[in-house]
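Trainee: So that we are looking at the same thing, I have put the structure below in structure tokens.
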Amino acid sequence: MPTTVTAYAATAADQPLERTTIERRDVGPHDVRIEIAYAGICHSDIHTARSEWGPAPYPLVVGHEIAGVVAEVGSQVTKHAVGDRVGVGCMVDSCRECAQCERGLEQYCLAGNTGTYAAIDRDGTVTQGGYAQQVVVTEDFVVRIPDGLALDVAAPLLCAGITTYSPLRHWKAGPGMKVAVVGMGGLGHMGVKLAHAMGAEVTVLSQSLKKQEDGLRLGADHYYATSDPTTFEHLAGSFDLILNTVSAQFDMNAYLSLLAVDGTMVLVGAPPKALPVQAFSLIPARRTLAGSTIGSIGETQEMLDFCAEHGIGAEIEVIDAAQVNEAWERVLASDVRYRFVIDTSTLA
């Protein structure tokens, strides 16, 4: 029989989240039931719940930065056991048959991966996310959280961590490479930590210098304010890789001018409107403009192991579940350093 659990759900685009109950499916042969300990708050949660990226299926429980402990496993589960420390990120399934899935790139599943919330699961139900006491997920989409990582700082790694780790790894950030991170927020602060741990020379490009102390503490070698027009003159042609985490409108061509020959700017933020790109921002220096989403399950495990090895976790503020609406307003006001994490034991 399905299990009833307490959760916080969106009921309409213009309404606050409400405490409610939802049903989690019975544990199938290949499923894992997870007792959620912490759930990170991602800006994507807010966009989705408020139908800003298309109509949301209400009532909807969001949250795709999930850390907890295995409470039950199906009869054929081999990858996880009761008591294991585990996590679930932005997807809970994929077709497993397309060319991308066969390459181990489930995040780019040609049929579309199954999102942790607001997606249609294999049984036809809408997936419900991590602002809840428990979740049931097929074992192949559950990752192990190493003992060296506390569950609360590990939760945001399942989205913010892998979203920045994947492009840094793909474009081979490391010693001798100059990497710029645009934006010093939930994604950006993880980009700084990870790029520094990979051995790159790291520069933060932020609107102001108000987070400069944080940026340098977290591993940045340099920190510049983009509101200062001389920044773009001074840094022209400087970077091998720019990791752009900004989801607001910005001058694409100004940032492309900061790339060295053969440099790449990777977008991991999603501005709400199209951004014009001038051909001559790219052509004279063989520059590349690219995008990246999360990582595969294998790469997410690699990222968690890397973070445990290097002592990397998210910078967090832990809140009770009843504070979630206030936390959302603070996210919108950029009043968090750098990720809210819900203590889901407060749902009991």
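Just so you know, all these numbers are worked out from the coordinates, no wet-lab data involved. No experiment lies behind these values; they were computed from the predicted model shown. Methodologically, a virtual Cβ is constructed for each residue, glycine included, from the backbone with ideal geometry; neighbour enumeration extends over all protein chains shown.
Trainee: Which of the peptides 14-26, 312-324, 115-127, 191-203 is most tightly packed, and how do the rest follow, judged by the mean count of other Cβ atoms within 10 Å per residue?
Mentor: Peptide ranking by packing, descending: 191-203, 312-324, 115-127, 14-26.
Trainee: Still on this model: Run the numbers for Ser334 and Arg144: contour at 0.36 nm per residue of separation, minus the present Cα-Cα distance, in nm. Write down the numbers at each step before the final one.
Mentor: Working: separation 190, 0.36 × 190 = 68.40 nm, distance 3.08 nm.
So the chain would gain 65.3 nm between Ser334 and Arg144.
Trainee: Select from Thr3, Leu168, Val92 the residue farthest towards the positive end of the dipole of the chain; place +1 on Cβ of Lys and Arg, -1 on Cβ of Asp and Glu, and compute about the Cα centre.
Mentor: Projecting each Cα onto the dipole axis, the largest value belongs to Leu168.
Trainee: Give me the percent of DSSP beta bridges within the chain that run antiparallel, rounded to the nearest 5.
Mentor: 55 percent
Trainee: Would you tally the net charge around Ala155, using a Cβ to Cβ cut-off of less than 13 Å, leaving Ala155 out, and scoring K and R as +1, D and E as -1?
Mentor: -4
Trainee: Would you tally the net charge around Asn325, using a Cβ to Cβ cut-off of less than 11 Å, leaving Asn325 out, and scoring K and R as +1, D and E as -1?
Mentor: Result for the local shell: -1.
Trainee: State the label only: which of (i) 25.9, 85; (ii) 20.1, 60; (iii) 20.0, 64 corresponds to Rg and Dmax of the Cα atoms in Å computed from the shown model?
Mentor: Step by step, Rg and Dmax of the Cα atoms in Å for this structure corresponds to label (iii).
Trainee: Once you place label points 7 Å from the Cα toward the Cβ at Val126 and Asp320, how far apart are they in nm?
Mentor: Here the modelled spin labels are 2.8 nm apart.
Trainee: Using a 7 Å offset from the Cα along the Cα-to-Cβ direction at both Glu72 and Glu52, what is the distance between the two label points in nm, to one decimal?
Mentor: Between Glu72 and Glu52, the label points sit 3.7 nm apart.
Trainee: Here's another thing I want to ask about it. For segment 197-348, give the magnitude of the charge dipole about the Cα centre (Cβ charges: +1 Lys/Arg, -1 Asp/Glu; no others), in debye to the nearest 20.
Mentor: Using only the charged Cβ atoms, the result is roughly 520 debye.
Trainee: So how do His80, His64, His222 line up by other beta-carbon neighbours within 10 Å, fewest first? Show your work: numbers first, answer last.
Mentor: Values: His80 19, His64 26, His222 16.
In increasing order of surrounding Cβ atoms, one gets His222, His80, His64.
Trainee: Now, a different point. Could you work out the relative contact order of the chain, using alpha carbon pairs under 8 angstrom and six or more residues apart, expressed as a whole percent?
Mentor: On the way: 822 pairs, mean separation 61.9, N = 348.
Over the chain, the number comes to 18 percent.
Trainee: Using helices alone, I'd like the mean residue ellipticity at 222 nm for the chain: each DSSP H run of four-plus residues gives -39500 (n - 2.57), total over residue count, nearest 500.
Mentor: -6000 deg cm²/dmol
Trainee: Rank by packing, highest mean first: peptides 171-181, 227-237, with packing defined as the count of other Cβ atoms within 10 Å averaged across residues.
Mentor: 171-181, 227-237
Trainee: Please compute the net charge surrounding Ser345, taking Lys and Arg as +1 and Asp and Glu as -1 over other residues with Cβ under 13 Å from its Cβ.
Mentor: Summing Lys and Arg as +1 and Asp and Glu as -1 gives -4.
Trainee: Arg19 label point, 7 Å along Cα→Cβ, cut-off 18 Å on backbone N: hits in segment 61-105?
Mentor: Flagged as within label range: 61-62.
Trainee: Please name which of Val268, Asn244, Ser206 has its Cα lying farthest along the dipole of segment 161-291 towards the positive end, using unit charges on Cβ (Lys, Arg +1; Asp, Glu -1) and the Cα centre as origin.
Mentor: Projecting each Cα onto the dipole axis, the largest value belongs to Val268.
Trainee: With the dipole of the chain worked out from charges on the C-beta (+1 for Lys and Arg, -1 for Asp and Glu) around the Cα centre, which of Gly183, His47, Val70 lies farthest toward the positive end?
Mentor: My answer, from the dipole projection, is Gly183.
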